[in-house]
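**Student:** Following this message is one structure expressed as structure tokens.
The values are calculated or read from the model by the stated rules, or taken from the named source; none is laboratory data. Remember, predicted model here, so these are calculated numbers, not experimental data. Positions of Cβ are backbone-derived with ideal geometry, glycine not excepted, and every protein chain shown enters the neighbour counts. Just the protein is used for accessible areas: all its heavy atoms, side chains included, with ligands, DNA and RNA removed. Shrake-Rupley method; radii C 1.70, N 1.55, O 1.52, S 1.80 Å.
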Amino acid sequence: MPLLNKVRTAASGGFGENTATRSLSRLRIALTLFFALDGFLFAGWVVRIPAVKQQTGASAGDLGLALLGVSAGAVVTMTLTGRLCRRFGSHAVTVATAVLLSLSVALPALTRSPLALGLVLLVFGAAYGGINVAMNSAAVDLVTALRRPVMPSFHAAFSLGGMLGAGIGGLLAGGLSPAVHLLGLTVVGLAMTAAAGPVLLRHTAPGRPESLRGETGTSSNAGRPSRAARRTVLVFGVIALCTAYGEGALADWGALHLEQDLGAHPGVAAAGYSVFALTMTAGRLSGTLLLERLGQTRTLVAGGATAAAGMLLGALAPTVWATLLGFAVTGLGLANIFPVAVARAGAIAGPGGVATASTLGYGGMLLGPPSIGFLADWFSLPVALTTVALLAAGAAAMGYWARNAGARPVS
């Protein structure tokens, strides 16, 4: 373990080591800013959806179809971004997609029809999907070079950016039009990209240490992942899906469960997802320490088991406060599963592995809310929410099964 947590350089203890360490630190700060920016811009758009709906005259159904543009653009782009990262480098693709995301976030406020909104959301979704794959690929390379499991810290930055974007957006919603607000997000996004982008562009992605070469499960021809490696990547992608399913389900149905099934005040019900998001952020902030103490497999298994127990409490508890406690425990349990799954997939198959895991994970985010809705119609909402616990337990089981599979840059 000690050797796995140190940066290897050509001249250990000398000037070369100090230079390399400073370079990796700058890269880490810059990447952290991009993760935070991604969450900030996306949350800033989400809080203005009601105003844009009114502006475009969209019905609920029209809005639902338009919002599918985000999903469609993201999924299609995620499958292509891995190839772009291999061709142009994950750093360059991260910067390019950050510029596109910053520009496209202003477009929805300029539309006047549901069709136009759907079309611009395709562009926004493409940028969102692209930056997620590119910056996660860059983060996987940096984690490997640092020999420390810092992946959760990047995702914590995303969560913090999202909380900040939603909070500021909520404060500005009453005083600024969507056009002014979203244009302001564009300015912030371009400014942050201009500040952090040159750091990424000046530095190529850190190479995999020689000691890790040949451990990735790649076949010898053209460096393509072997069939076994591709299967393992799919397993980690499904683990990511299980986590995102829970996040999407709680975002859309947690408040309704509290208000409809338990009679909570609307203000208390609205706090349900906030509690979940807060504990998830806290879990990710402590994720590096947790991974260094427990390792990846035990973190996955413990996280999945914790989330399963928390969600059973959240779904079936007879009181509001017990349910809120269950949501909080669920956030802690799910916090580091997605970052670890993406890191493992990237360690095994590079940007292509990140793209596969991210696409499946995003699919889980889309699958969760409608699945909960159908199950709630057939059974009840509390019973439907227990599927989050079931999938979390499944993620724990798959994490244990895949404990010896592929490369592990950190343990």
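**Student:** Between residues in region 266-283 that are at positive phi and residues that are assigned to a helix (DSSP H, G or I) and open to solvent by 60 Å² or more (accessible area, probe 1.4 Å), which pairs lie under 7 Å by C-beta distance while being six or more apart or on different chains?
**Tutor:** none
**Student:** Restricting to region 161-178, what's the tally of residues that are modelled with pLDDT of 90 or more and open to solvent by 40 Å² or more (accessible area, probe 1.4 Å)?
**Tutor:** 1
**Student:** Scanning for something at pLDDT below 85 and hydrophobic (A, V, I, L, M, F, W, C), does region 188-201 turn up at least one residue?
**Tutor:** So in region 188-201, the residues at pLDDT below 85 come out as none.
No, that holds for no residue.
**Student:** Now for a different question. Can you tell me which residues in region 344-384 are in contact with a Ser or Thr (Cβ under 9 Å, 6 or more places away or on another chain) and without any contact (Cβ under 8 Å) to a residue 24 or more places away in the chain?
**Tutor:** If the condition is that a residue be in contact with a Ser or Thr (Cβ under 9 Å, 6 or more places away or on another chain) and without any contact (Cβ under 8 Å) to a residue 24 or more places away in the chain, then L375 is the only one that fits.
**Student:** Could you check region 179-196 and list, in sequence order, the residues that are under 25 Å from the mean Cα position of the chain (by Cα) and surrounded by fewer than 14 Cβ atoms within 10 Å (Cβ to Cβ)? If you could, list the steps in order and put the result at the bottom.
**Tutor:** Pass one, region 179-196, residues under 25 Å from the mean Cα position of the chain (by Cα): 181-196.
Passing the criteria: V187, A191, A194, A195.
**Student:** For region 81-97, give me each residue that is surrounded by fewer than 19 Cβ atoms within 10 Å (Cβ to Cβ) and closer than 17 Å to A349 by Cβ.
**Tutor:** Within region 81-97, R83, R86, R87 qualify.
**Student:** So, in region 303-319, exactly how many residues are surrounded by fewer than 20 Cβ atoms within 10 Å (Cβ to Cβ), assigned to a helix (DSSP H, G or I) and in contact (Cβ under 8 Å) with a residue 24 or more places away in the chain? Give the steps one after another, and end with the answer.
**Tutor:** Step one: of region 303-319, the residues surrounded by fewer than 20 Cβ atoms within 10 Å (Cβ to Cβ) are 305, 309, 313, 316-319.
If we keep only those that are assigned to a helix (DSSP H, G or I) as well, we get 305, 309, 313, 316.
Then drop every residue that is not in contact (Cβ under 8 Å) with a residue 24 or more places away in the chain, which leaves 305, 309, 316.
Adding up the residues that qualify gives 3.
**Student:** If I filter region 58-78 down to residues being among the hydroxyl-bearing types (S, T, Y) and surrounded by fewer than 22 Cβ atoms within 10 Å (Cβ to Cβ), which single residue comes out as nearest to L119 (Cα to Cα)?
**Tutor:** Per the criteria, the residue is S71.
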